[in-house]
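As structure tokens, the structure follows; a few thoughts come after it.
What follows is calculated from the coordinates using simple rules that are stated; it is not laboratory data. This structure is a prediction, so every number in the text was calculated from the model and none was measured. Ideal geometry is used to build each Cβ from the backbone, glycine not excepted, and the neighbour counts take in all protein chains shown.
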Amino acid sequence: MIGIFFGSTTGTTEAAAGDIARRLGVAAADLHNVADTPADEVDRYDLLLLGSSTWGCGELQDDWYGFLEALKSRPLAGKRVALFGCGDSGSYPDTFCDALGLIRTALEETGCMFVGECPADGYGATGSLACRDGRFVGLALDESDPGGNGKRLEEWCRQLENLGER
């Protein structure tokens with residue numbers, strides 16, 4: 001079962017979460033804003049989709065700080081985790097979608113299994129925490145390249161569907 005958890009200040013990441021939910025057939029009840037969701041809500045799901053925008057010079061969206069700390073104490077061993085986020089490679093090339101890298105680093109010791117990496121092809125910025133070994137740790141939606149985001153989202157969702165997790 002898929003649960004989508006997002007933090008959104010301006011609505012961009014929330015809209016992306018909604019697009020992903022529609023594409024994957026995830027019910028509205030399984031779409032959670034981390035601003036008002038307890039971390040134990042993740043226990044119900046086998047596949048967690050975690051989304052955050054990146055703010056300032058590579059910071060998490062504000063609502064993620066408390067949620068992420070609580071999430072690290074949840075029993076995540078064996079759960080699959082896929083990351084998605086929004087950023088602006090034109091204005092912040094060195095910290096583009098850093099929030100994805102921050103979430104991944106924070107959860108690496110929990111025993112969860114990360115899925116949903118994406119190729120860095122077609123991006124102008126690949127020097128951030130979100131890009132490791134020439135791949136993004138999740139779906140990186142770029143405000144500077146809105147025309148490419150639809151295709152990236154479709155390919156990422158197809159990749160998740162191929163995991164057999166519904």
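Looking at the chain, the pairs of alpha carbons with a distance over 26 Å make up 17% of the total. For the stretch 57-128, the equivalent ellipsoid built from the Cα gyration tensor has semi-axes of 24, 15, 8 Å, listed from largest to smallest. Highest mobility in the GNM of the chain, judged by mean-square fluctuation with C-alpha springs under 10 Å and restricted to 62, 40, 88, is found for 40.
Which value, in debye to the nearest 20, gives the size of the charge dipole of the stretch 2-161 about its Cα centre, when Lys and Arg are +1 and Asp and Glu are -1 at the Cβ?
Working: 13 positive and 26 negative charges, 92 e Å.
I would put it at about 440 debye.
Annotation: amide H of residue 143 within the under-5 Å range of 87, 88, 89, sequence separation 5 or more or interchain, hydrogens built in the peptide plane. When the P(r) is computed for the stretch 12-71, the part past 14 Å accounts for 59% of the Cα-Cα pairs. Across the chain, the mean sequence separation of Cα contacts (distance under 8 Å, 6 or more residues apart), normalised by length, yields a relative contact order of 22 percent. Comparing 57, 118, 97 in a Gaussian network model of the chain where C-alpha atoms under 10 Å apart are linked, the largest mean-square fluctuation is found at 57.
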